[in-house]
Amino acid sequence: QVQLVESGGGLVQPGGSLRLSCEVSGFTLEHYASIGWFRQAPGKEREGVSCISTSDGNTYYADSVKGRFAISRDNAKNTVYLQMNSLQPEDSANYYCATDLGYSDYALPLSCKGYGMNRWGKGTLVTVSS
């Protein structure tokens, strides 16, 4: 069974950086799929942060994180990363990794809203506070 395990969250001061990792087992990133990062803060809806197409490496970023966050993948390690720079308090949330396993064919802007995403990790908490 496919498992996604996030790590790298923690407490960071405003302006700081964190790198999140999503380790995938039971599925190889060399197969066609969409995979990415979502976040949800208390009292707010889930938000797609950044996603990547494993087939061609195309990426998508929410406007709120463009220029600050960068998604990448290491196929050899079957891991997806999210480098988060210039973190602000509004970035505080539980961050989740999700993938569609290649079962759907939504374009990245839709898959990064959650469309077709059928396997989710349990999340890692990011808190940006002084």
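The values are calculated or read from the model by the stated rules, or taken from the named source; none is laboratory data. Since this is a predicted model, take the numbers as computed values, not measurements. Every residue, glycine as well, gets a Cβ built from its backbone with ideal geometry; the counts of neighbours run over all protein chains shown. For the accessible areas, the whole protein counts, side chains as well, though only heavy atoms, and no ligand, DNA or RNA atoms are used. Shrake-Rupley method; radii C 1.70, N 1.55, O 1.52, S 1.80 Å.
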When segment 84-100 is examined, which residues are found to be open to solvent by 50 Å² or more (accessible area, probe 1.4 Å) and outside any loop (DSSP other than H, G, I, E, B)? 89, 90, 94, 96
Quick check: is even one residue across segment 1-19 surrounded by 16 or more Cβ atoms within 10 Å (Cβ to Cβ), of a type in the set (S, T, N, Q), in contact (Cβ under 8 Å) with a residue 12 or more places away in the chain and in a strand (DSSP E or B)? no
Per the filter on segment 46-65, residues more than 13 Å from the chain's Cα centre (by Cα) and closer than 17 Å to residue 93 by Cβ are 63, 64
Just name the residue that is surrounded by the most Cβ atoms within 10 Å (Cβ to Cβ) out of those in segment 101-117 that are assigned to a loop (DSSP other than H, G, I, E, B) and at pLDDT 95 or above. 112
Would you confirm, using the coordinates I've provided, whether residue 130 is exposed (fewer than 15 other Cβ atoms within 10 Å of the Cβ) and either among the β-branched types (Val, Ile, Thr) or at negative phi (or both)? yes
Flagged in segment 33-81 as in contact (Cβ under 8 Å) with a residue 60 or more places away in the chain, β-branched (Val, Ile, Thr) and open to solvent by 60 Å² or more (accessible area, probe 1.4 Å), in numbering order, are none
Checklist (1) out of contact with any Gly (no Cβ under 9 Å at 6 or more places or on another chain); (2) modelled with pLDDT of 95 or more applied to residue 26, failing item: (2)
